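Peer 1: Structure in structure tokens, see below.
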Amino acid sequence: IEQLADGIMGMSATEYTLTNQLYQSKKIEHKMFSMCFSKLAKQDKDGVTAGVLTIGGVDSRLQRSPMVYAATEINNSHGWFVVHVKKIWLRKGGGQSVKAMFVEGEAGAEAKPEYTLVTENESKLNSGSGILVDSGSTDTYFPRSLGPAFREIWQEITGMRYENRPMKVTREEVLQMPTILVQMTPNAAHVESDESKLEVTGVDDVPGLAGKLSLDSPRDIVLAIPATHYMEYSIKDDTYTPRVYWSESSGGTLGANSMMNHDVLFDWENNRLGIAESNCDYDELVEGVEVLEEETEGTATVDLGDGVSKDCVLGESNVELSCIETVDTSSCNKVGQGSNSNDYELPGVTKITILVEEEGFGDGKTCVTAAKEKITLLNMRKDARIDCNDGVCHIKSVCSMTCKEALERIDTAPETKSDTETNTDTDIDTGPDSDTNPGTDKSNEQVKKACPDEGWGGCQHSCEQSKITAELRQDGECHVGKVETRSCHIDNCGRSDPCRVPFLVHAILLFAGVDASDWTKADEDFLVETFASAVNDERESGDELFGPGDIKITSVNKWSADKDEFYSGNIKTGMKIVLEVSIYNENAVLLSEAKNGTKTVIDKGKDIMHVITGPEHTVCKESDIYPLSKTALDVHLELGKAKFMPMVIQNMRDNGRESLGESVFAPLRDEGESVERSKVLTSWTIKSEISGENGTFPGFNKDTSNTPLIIGASLLLFGVCYCGVFFGTFFTRRSFRIEQAKNALIQKMHETRQNRDRGEYAQVDGEVEMGNLESFEDHPIEDIEELDFTDNSEKMSRLK
């Protein structure tokens, strides 16, 4: 193919477009799609990477701010997506984001941005067909009558005339050109559902909402069109051309250049247009997966789905109690003289401890089943006892060894050195012929390296997670040194439970100069600890906003400055981390606990169903939520402080520069631009919806805790309806037949009565002779006296 673009595909809200056809064919669940146009297209012989198209919904991994929704009108013959524009602003100093808290001023100083209102004439802005959002239009257009006011303000800010012709300016000058802000009417349903959420962070802290920009309507939606989008650059001429035109007789179009670096959802079902800021970098998503899948065994796996595996995932096996530790060798001395004591079998017990990395849920593999598979690999007896709780699985099994084997193991054990001071290499030879020197002194830190550091396991439905610290001992096995447990409120604890976790604070962190391909599970635990410590730095013990177990890292990606227009600096690569913090409601209780511990038959049925549907949801009161909204706000404010990221990095250093140097965060060990340019890119708070007395969640993750009751009631209702229809039909037919018979009898009786009243009459032959009608005279008799007849016979003869 000589040209890369070989056609045009319409995506309007009409019957014949792709979205509707896929929906009608049941290939997608919702009539919606999203477009995310990247500013910097990368072209090669295989085509152009210009962004991401998602059909049927959105990919939230692309978003660096929460999605906000503008109202759209799409009930028209063309299927256009039309928004209602209320105001247009110009922001001095530029800025890529709609929320530019500070812009670079003279001599590199930071100052608050200045806003100038261009127009609030809604009738002119939305005249004619209104303002269309059209990805098929490359440029943006507004009404001609409003152009003079825009040009005057733009020239006042820049000192240059605004004309749609090439301009010889530098990129630095373009970055200082004003940003166009388009203020639109919000989707009514979105505003109603967000009333309580906006009380948490305030509308001014939510990117995409007007906030203080428009005090009369702070929940309006604002779209930012920076100069880097509306000033088109020509490589050939090294010029920039303004591509926002004030040329329309009525209405206008928000074209592709206004949509750049935004994830835009065209929601046909709900009459709304979703907008979220984004880099729109598809390669980043793909590379993020590759980074985490192509690395070595120690590489962390970050789930890019819902964050929870359906199957239980177990870690490495660690010996908690070995067979040699439990056998009684004194029995060997009690064996009779006629027996061979060397072959005497000594009974013992062995115990293995395994970390639960992910608990699993639904119809996935249980931890007990996963542990049974481990038994086969460990050559343990099939009748071994398995107990999985609090994030750890214990496998206990009987074992045996001969007196000879036991005594040899005891004789070769070191006498003066502890197990933790010997044989530290993972490929250690512990056999009888080993030339390893038991007395070799190895540091405790080296011993720990010999066994894999699995870090903290998955958060269980009991809201606890565990960590096993293992040590390599003289027998060459990794033995359990210590088991730690801490509270957590992620994964299976609080997953889709708005009463237990009513708020989620999301944050996107940039670590400049850090290579994401070196990411490991140990780095994840390291960051979680230092992040929590930085947020709670000024708080007393027991007054923390959240703990390390409340943080979940959702994605780790490579970052490039070339793909991020929101970044300025000399560092060109780095690592971008997306995490979420659970704000936990300690007053939330399980419904069964709310009933004073007594369970009905229905409750017991629900317990069985939770094996399939997942953990039981909690119940709570609306009054529990308000104090937590303040907690969420406090977290959000901490992340917004200029000193926050330096505090995170300092906490890393405080944990030991040596351990920091061996982690992925090694570039941050010393001061430099990597430290200076590392920052919180953005953060926002999401509030789960709670309604009803029981705190049920009417969202996409439906509460199925009442499934047994619903199923039973449905079956009962079906049975009643079926019986009603059956017996109703039977009696209706019976009544109909009786009525038919009754009517037939009445009709028969009626006919019989009529025949009786009529009497008997002779049938008249149709061929009877009527006489000669030719002589018949049909005229009056003039002389009436002639009709004076004496008798009836005479009268009858005269009538003939």
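The values are calculated or read from the model by the stated rules, or taken from the named source; none is laboratory data. Nothing here was measured: the structure is a model prediction, and the numbers come from that model. Neighbour counts run over all protein chains shown; Cβ positions are idealised from the backbone, glycine included. Just the protein is used for accessible areas: all its heavy atoms, side chains included, with ligands, DNA and RNA removed. Shrake-Rupley method; radii C 1.70, N 1.55, O 1.52, S 1.80 Å.
Peer 1: Going by the conditions given, is residue 338 at pLDDT below 85, in a loop (DSSP other than H, G, I, E, B), among the small types (Gly, Ala, Ser) and under 33 Å from the mean Cα position of the chain (by Cα)? Give the derivation first.
Peer 2: Working: at pLDDT below 85: yes; in a loop (DSSP other than H, G, I, E, B): yes; among the small types (Gly, Ala, Ser): yes; under 33 Å from the mean Cα position of the chain (by Cα): no.
Criteria not met by residue 338.
Peer 1: Let me ask something else about it. Tell me whether the range 475-489 contains one or more residues that are surrounded by fewer than 23 Cβ atoms within 10 Å (Cβ to Cβ), over 30 Å from residue 409 (Cα atoms) and of a type in the set (Gly, Ala, Ser).
Peer 2: yes
Peer 1: Something else about it: Step by step: first the residues of the range 80-133, then only those that are open to solvent by 50 Å² or more (accessible area, probe 1.4 Å) and hydrophobic (A, V, I, L, M, F, W, C), then the one that is modelled with the highest pLDDT. Which residue is that?
Peer 2: This residue is 117.
Peer 1: If you don't mind, there's one more thing I want to ask. For residue 472, only one of the following conditions fails: (1) under 24 Å from residue 651 (Cβ atoms); (2) crowded, with 19+ Cβ neighbours inside 10 Å. What is its number?
Peer 2: So the condition that residue 472 fails would be (1).
Each row is one residue, and each column tells you yes or no for (1) under 17 Å from residue 648 (Cβ atoms); (2) at pLDDT 85 or above; (3) part of a loop (DSSP other than H, G, I, E, B).
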{"site": "523", "(1), (2), (3)": "yes, yes, no"}
{"site": "528", "(1), (2), (3)": "yes, yes, no"}
{"site": "533", "(1), (2), (3)": "yes, yes, no"}
{"site": "546", "(1), (2), (3)": "yes, yes, yes"}
{"site": "559", "(1), (2), (3)": "yes, no, no"}
{"site": "562", "(1), (2), (3)": "no, no, no"}
{"site": "575", "(1), (2), (3)": "yes, yes, no"}
{"site": "579", "(1), (2), (3)": "yes, yes, no"}
{"site": "586", "(1), (2), (3)": "no, yes, yes"}
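Peer 1: I'd like to know if the range 164-175 contains one or more residues that are modelled with pLDDT of 90 or more, of a type in the set (D, E, K, R) and loosely packed, with under 15 Cβ neighbours inside 10 Å.
Peer 2: yes
Peer 1: Filter the range 466-500 for residues that are in contact with a helix residue (DSSP H, G or I) (Cβ under 9 Å, 6 or more places away or on another chain), among the hydrophobic types (A, V, I, L, M, F, W, C) and not in a loop (DSSP other than H, G, I, E, B) and give the result.
Peer 2: Within the range 466-500, 470, 472, 478 qualify.
Peer 1: Within the bounds of the range 722-745, is there any residue that is within 30 Å of residue 30 (Cβ to Cβ), modelled with pLDDT of 70 or more, surrounded by 10 or more Cβ atoms within 10 Å (Cβ to Cβ) and of a type outside the set (Lys, Arg)? Working first, answer last.
Peer 2: Looking only at the range 722-745, we keep the residues that are within 30 Å of residue 30 (Cβ to Cβ), and these are none.
Among the residues of the range 722-745, not one is within 30 Å of residue 30 (Cβ to Cβ), modelled with pLDDT of 70 or more, surrounded by 10 or more Cβ atoms within 10 Å (Cβ to Cβ) and of a type outside the set (Lys, Arg), which makes the answer no.
Peer 1: Further question: Filter the range 139-181 for residues that are assigned to a helix (DSSP H, G or I), within 11 Å of residue 242 (Cβ to Cβ) and among the basic types (Lys, Arg) and give the result.
Peer 2: Hit for the range 139-181 is 151, nothing else.
Peer 1: Let me confirm something: among 265, 209, 223, which residue is open to solvent by less than 40 Å² (accessible area, probe 1.4 Å), within 28 Å of the chain's Cα centre (by Cα) and within 20 Å of residue 129 (Cβ to Cβ)?
Peer 2: Working: 265 fails: within 20 Å of residue 129 (Cβ to Cβ); 209 fails: within 20 Å of residue 129 (Cβ to Cβ).
Exactly one residue qualifies, and that residue is 223.
Peer 1: Working only within the range 372-404, note down all residues that are of a type in the set (Gly, Ala, Ser), at pLDDT 85 or above and either touching a helix residue (DSSP H, G or I) at 6+ places or on another chain (Cβ under 7 Å) or crowded, with 17+ Cβ neighbours inside 10 Å (or both).
Peer 2: So the first thing to find is which residues in the range 372-404 are of a type in the set (Gly, Ala, Ser), and the list is 384, 391, 397, 400.
When the remaining residues are screened for being at pLDDT 85 or above, the result is 384, 397, 400.
384, 397 - these are the residues of the range 372-404 that are of a type in the set (Gly, Ala, Ser), at pLDDT 85 or above and either touching a helix residue (DSSP H, G or I) at 6+ places or on another chain (Cβ under 7 Å) or crowded, with 17+ Cβ neighbours inside 10 Å (or both).
Peer 1: What about residue 39, is it open to solvent by 20 Å² or more (accessible area, probe 1.4 Å), modelled with pLDDT of 90 or more and under 27 Å from residue 252 (Cβ atoms)?
Peer 2: Details: open to solvent by 20 Å² or more (accessible area, probe 1.4 Å): yes; modelled with pLDDT of 90 or more: no; under 27 Å from residue 252 (Cβ atoms): yes.
Considered against the rule, which asks whether it is open to solvent by 20 Å² or more (accessible area, probe 1.4 Å), modelled with pLDDT of 90 or more and under 27 Å from residue 252 (Cβ atoms), residue 39 comes out as no.
Peer 1: Continuing with this model, one more query. Pick out, from the range 602-686, the helices (runs of 4 or more DSSP H) lying fully within it that include 1 or more residues that are under 16 Å from residue 498 (Cα atoms), modelled with pLDDT under 85 and in contact with a Lys or Arg (Cβ under 9 Å, 6 or more places away or on another chain). Don't jump to the end; show me each part of the working.
Peer 2: Working: elements: 625-639, 644-654, 657-661, 673-677.
Hits in the range 602-686: 625-639.
Peer 1: Taking the condition at pLDDT 90 or above and either within 26 Å of residue 680 (Cβ to Cβ) or open to solvent by less than 40 Å² (accessible area, probe 1.4 Å) (or both), does residue 64 pass?
Peer 2: Values: at pLDDT 90 or above: no; either within 26 Å of residue 680 (Cβ to Cβ) or open to solvent by less than 40 Å² (accessible area, probe 1.4 Å) (or both): yes.
In short, no.
Peer 1: Please name all residue pairs, on different chains or six or more residues apart, with Cβ atoms under 9 Å, provided the first residue is in the range 549-572 and is closer than 19 Å to residue 515 by Cα and open to solvent by less than 50 Å² (accessible area, probe 1.4 Å) and the second residue is aromatic (Phe, Trp, Tyr) and modelled with pLDDT of 80 or more.
Peer 2: Note: pairs meeting the criteria are 556/519; 559/511; 567/559.
Peer 1: Pairs under 7 Å by beta carbon, first residue in a strand (DSSP E or B) in the range 372-396, partner of a type in the set (Gly, Ala, Ser), six or more apart or different chains?
Peer 2: Sorted first by the residue in the range 372-396, then by its partner, the pairs are 386/371; 388/371; 392/466; 393/371; 395/371; 395/384; 396/384.
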